[in-house]
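Since every read-out is calculated from the coordinates, none of them should be taken as a lab result. What you see is a predicted model, and the numbers here were worked out from it, not measured in a lab. Cβ sites come from the backbone with ideal geometry, for glycine too, and all protein chains shown count toward neighbours.
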Amino acid sequence: MKFEEIIKGLSEHKIQLLEVQLVEMNVKFGTDYDLTKIKDHLAIQLSNGSRIIDKYRGEALLEMRMVVEDSECPLEVVIKYVGQCRTVSELTEDELKIFLEYQSIPLLWPYIRQAVSDTMTKMSIPPILLPTIDVLETLKNRYSSDSNLMGD
């Protein structure tokens, strides 16, 4: 299936995000760190996937791992969200799986951004404002790599 067909198909389906759940949050950091180094050495890795429940329901999964790559400023944050989704029209299992995988990033990324910002603030670390995502570019990259980092 070509990228353009996938995008067209995504816009034709009426799938709604019903519920979002934080299923994992793990933060590790050193107590003696230079706050100015956090943003300069930040690396982010995203993993996404999906789980089909039935013809009308599924879960979109998104995990973010953020690390500061500096031995003087150790910080690691892992956050995983699951979004429960439902469609009003029957889809094949493959169609629903593809939709949930492609939509996991635009649906769940705002929740991860908020969790990171809130958590850093509560830890007395200057908030880390993660970038917004260009959804179409992300989908193109995801489609071209065709890799599912969560192993689902």
### Query
With r defined as the distance between the Cβ atoms of residue 118 and residue 89 and R0 fixed at 35 Å, what FRET efficiency is calculated, to the nearest 0.05?
0.45
### Query
For residue 125 and residue 52, what does the FRET efficiency come to when R0 = 30 Å and r is the distance between their Cβ atoms, rounded to the nearest 0.05?
0.20
### Task
Highest first, please rank the peptides 109-121, 83-95 by the mean number of other Cβ atoms sitting within 10 Å of their residues.
109-121, 83-95
### Query
In the neighborhood of residue 84, defined by Cβ-to-Cβ distances under 14 Å, what is the net charge if each Lys or Arg adds +1 and each Asp or Glu adds -1?
0
### Query
Label points 7 Å out from Cα along the Cβ direction at residue 42 and residue 18: separation in nm?
3.4
